[in-house]
Every structure is written in structure tokens, then in C-alpha cells.
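Notes follow once the structure below has been shown.
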Amino acid sequence: MPNAPQRMHELSEETRATVDDVLDYARRRALYEDVPLDKPLTPRDLSRLAPRTITADGIGSRRAIALWENVLAPACVTTDHPGYLSFIPSAPSKAAIAFDLVVSASAIYGGSWIEGSGAVFAENEVLHWLAREFGLPEGAGGVFMQGGTIGNLSALVTARDAARRRQREAGRTAPDRWVVVCSAEAHSSIASAAAVMDVDVAVARPGGDGRLRGDAVEAVLDAHGDAVFAVVATAGTTNFGIVDDIASIADVTETRDVWLHVDGAYGLAAMLVEHMRPVFAGVERADSLIVDPHKWLFAPFDACALLYRRPALALAAHTQRAEYLDTITDSADWNPSDLGIQLTRRARGLPLWFSLATYGTEEYRSAIAAGIDLARRIADEITARDGFTLVRDPQLSVVVFRRDGWTLEDYRAWSDRLLEDQRGFVVPSSHDGEPVLRFAIISPMTTFETLTGILDTLR
Ligand SMILES: *Cc1c(COP(=O)(O)O)cnc(C)c1O
């Protein structure tokens, strides 16, 4: 049969069968009763099991989807499995998962108002709700970016741009090297952003409890003066879930007139829980902040909500200018692409919008509260068990502990066995040069019994 050029697009029997097969699989997958944990295979095994899928004439959707379902998908660890407790797990709500398919099916350009106004409006409803929850003033706004790394980078680029402008307006000369200040416990993406921006990182020392405070920031600002364009506070460190003393840091940044960025990629979601709000005091004074919906806001990969107190400063730093974009840049419309490092943009905030619209905000608050509560309970259980040591009281939903006497090799062998048995995915981490184990709890489907079951295997 000659290859008609419309084959990929026309509404033929073949096309209908392909779409049905894919949606059937997606439906099955989204509604699995016992979602498999699965595990990685080697490149060698995969080439043997799924050889030559890219051919001149195609292998057909039936074969391709079968290979995906039977070989390739089982070679991907399921990050929303209740026993997935490494790194930061994901646990998208069923509504968010389903709506992600709608975003995919709709060919929406989320970068500009003129093309995506309905999508951008819905995303902004979510961003404005978050801004109010975090106490930002009216006029705050932002954009959903790919992830926290890009969100942090975009915010810091805005901060440096604002500092440069002010320096120029004041007739001062620019420093030889710009400096960003953050805690020794800050996420690696801050150092990565600094490397991309070719600026220096000055590390401020957190207290013995891991929290960065204003006095430590002040000491670093004294040493670097006008070269500092931003201070980054962390609202929930990735390894321990520690929240910096943001209010005391804001006291310092306000006095010195330095940009305050809050990295809340993982932890800031906990501010949605009423009794946790005091932990985050000071967030309302941030110039910019991020929180990742794909972490603790139950949205699928990949999404970071980036918010600015004064979005105009982000427009000034990020708007791309080109003749073919004139229609867009000459208008006063809200164009999400202009607020961060991107142009073409998936409307990646829509799954969260749909899920929030479906279930309401109270459901979110209680799902996050359940994670915090479970972390507390399992920390008490670890403290009570012989042969276990809790490394630090959990502030959010990360629990770090030791099996007394175990070496890194012991942890690794145990961790491999746990995954091999398809019980859980818990990889060793380290603290102060010492190997530790870490439960990061996100999914409301992770129960006390899931965790004690895993603890029981540590022998
Ligand atoms: C996960 C995380 C990041 C990076 O976010 P990505 O979405 O993985 O790029 C940044 N900061 C903190 C505190 C994080 O937990």
C-alpha cells in the first residue's frame, strides 16, 4: 500500500483504532487496583526485549502499545506507588491524571493570551489562589514552569535583572561578580542556577536544627555588600523537610533592600494546612517563590508554580523580542511565556486547575495534613523500636532514620531486595557523611502499615 501523506492525521479506521488502543491503555493504567512498583532494566535487556521499534514503515500502534505495556512501562518505577518513598514521590489525583490527557488532546499553546486565553485564565485562577494562601498582595502573579530548577533559575534571573536596573538608575557601578546567598542546606538547583547565570554562591550557615536564620544571612550580607542580588530561603529542604526562619530572613532582606526568593518546591504546599501556617511565617514578604504541584499538590509531572510579588519585574527580565512575536509583545495581555525562561509552553497548570475545581481546596488541605500526621506517627514508631534511631524530628513529611550498626553496603543490599520484592522503593541517603534511610511521604495511599511493613524488613 502506498504511504498516503495524510495517514498520521486523517480520521481513518486505522486512526480511530490507534486512539482507542491508547486511551484504553491509559484508562487501564489510571485505574489499576494494585499499581505495580516495577523496576529498571539494563539497556541490554531492553534492546533484547524491545528491538528495532523505529523502522521505515512503522510497526503499527498495536505492536507499539503492546511493547509499551509489556516491556517498557514495567521498566519504569511507578513514582505514585504507595511504597515509593525515595527522593520526593509523586501522587497525582485521578482527576489530574485524567485531565492531563485532555491537555494532550487539545493542541493548546499556553505561552500567550491571544492563543490560550481560556487555559491561561484557568491557570491564573490557581496561581492567584496560591498567592492568597501564601499571603502575597493583590497584583502578585506568575506562571507554571517545567519544574523547580527552572522556576528557581527564572526567579533569580529576574532578581539579578532588577538589581542591575536599580544599580544603573542609582548611577552605581556593577559589582565584579554578582552573589546569591543561600543556606548550606539549600537545594542543588540553586548552585546550578548560579552556574548557568555565572554568579557566585555565598553560603550562610544554618543553625544546629538545620534552619537558616536572619543573623546568619546578615553576616554574609556584611561580607558581600552590594554584590548580593538575592537571598534564597528554603521552605522545606528536600532531604529533611526543614523550613528556614523566613520571617527573620525577611527582616534582613527588607532592611538591606535585597530580593527574597523562597524555594518551596516540596514543602510550601504544607502552608495550606491551617496549623502549619506559623512555620512559614514570612513567606508573605517574598519577592518571588516557587512550589511544585508535581510534588505535594497531587499534579502529574511536570509543573512548578512560580509567583512574583511584582510580575512587571519578571516581564522586564524575560520577555523575548522578535519581529514574528510583535503582535504578542506589543499587547498588554497576560502572556505566561514572558515570566520565565521559555517561549513555547504547555498549559501544564491545567491538570491542577481541573483537580482543584473537581475536589475543592479542603480535600487538598486534608490530604497534605494526612502526610504530615503520618510522618509524625512513623517517627514515633521508629523512636520506639529497638535498633532504630530517628535522626531528626520531622517538621513536614520527610522522616530520616538509621538502622543502628548498618553500613552503606547493608542499606544498599536491603534497598535492592526491597525493590526486587516489589514492596517499596527506599534508597539510602546521607547526613553528615553518614548513611541514613529516608521516608518521603506524599501519597495519601501510603499508610502506617505500608511503612511498618517496610521497617519490619530492616533486619
Ligand atoms: C525538588 C526540588 C527542587 C527542584 O525541583 P524540580 O522540579 O525537580 O526541578 C528545588 N528545590 C527544592 C527544595 C526541591 O525539593
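The values are calculated or read from the model by the stated rules, or taken from the named source; none is laboratory data. These figures come from a predicted structure and were not determined experimentally. Here the Cβ is made from the backbone with ideal geometry for all residues, glycine too, and neighbour counts use every protein chain on show.
List every residue pair whose Cβ atoms lie under 8 Å apart, where the two residues are 6 or more positions apart in sequence or sit on different chains, the first residue falls within region 189-217 and is more than 16 Å from Asn239 (Cα to Cα), and the second residue, located anywhere, is acidic (Asp, Glu) and within 13 Å of the ligand (Cβ to nearest atom).
Arg213/Asp244
Considering only region 346-459, give the strands (runs of 3 or more DSSP E) lying wholly within it that have at least 2 residues that are touching a strand residue (DSSP E or B) at 6+ places or on another chain (Cβ under 8 Å) and closer than 24 Å to Ala303 by Cβ.
434-440
Just a yes or no: is a residue in region 95-111 within 30 Å of Leu455 (Cα to Cα), at pLDDT 95 or above and surrounded by 12 or more Cβ atoms within 10 Å (Cβ to Cβ)?
No.
Give the residue, chosen from Asp263, Asp302, that is surrounded by fewer than 24 Cβ atoms within 10 Å (Cβ to Cβ), touching a residue at least 40 places away in the same chain (Cβ under 8 Å), within 15 Å of the ligand (Cβ to nearest atom) and on the phi < 0 side of the Ramachandran plot.
Going through Asp263, Asp302 in turn, the sole match is Asp302.
Every residue in region 301-324 that is over 18 Å from Trp259 (Cβ atoms) and either outside any loop (DSSP other than H, G, I, E, B) or not assigned by TED's automatic domain parsing to the domain that holds Gly264 (or both), please.
Cys304, Ala305, Glu323, Tyr324
If only one of Thr389, Thr344, Thr327 is loosely packed, with under 14 Cβ neighbours inside 10 Å and not assigned by TED's automatic domain parsing to the domain that holds Ala193, which one is it?
It is Thr389.
Take Ala250 and decide whether it is more than 16 Å from the ligand (Cβ to nearest atom), outside any loop (DSSP other than H, G, I, E, B), surrounded by 23 or more Cβ atoms within 10 Å (Cβ to Cβ) and not polar (S, T, N, Q).
yes
Scan region 124-153 for residues that are part of a loop (DSSP other than H, G, I, E, B) and either more than 17 Å from the chain's Cα centre (by Cα) or away from the ligand (no atom under 11 Å from the Cβ) (or both) and report the count.
7
Within region 177-187, can one find any residue that is among the acidic types (Asp, Glu) and within 13 Å of the ligand (Cβ to nearest atom)?
Just the residues of region 177-187 that are among the acidic types (Asp, Glu), to begin with: 185.
Remaining after also requiring within 13 Å of the ligand (Cβ to nearest atom): 185.
Within region 177-187, one or more residues are among the acidic types (Asp, Glu) and within 13 Å of the ligand (Cβ to nearest atom).
Pairs, please: C-beta under 6 Å, at least 6 apart or cross-chain, first residue among the hydrophobic types (A, V, I, L, M, F, W, C) and in region 164-181, second part of a loop (DSSP other than H, G, I, E, B) and at pLDDT 95 or above?
From residues that are among the hydrophobic types (A, V, I, L, M, F, W, C), the pairs are Trp178/Val199; Val180/Val199.
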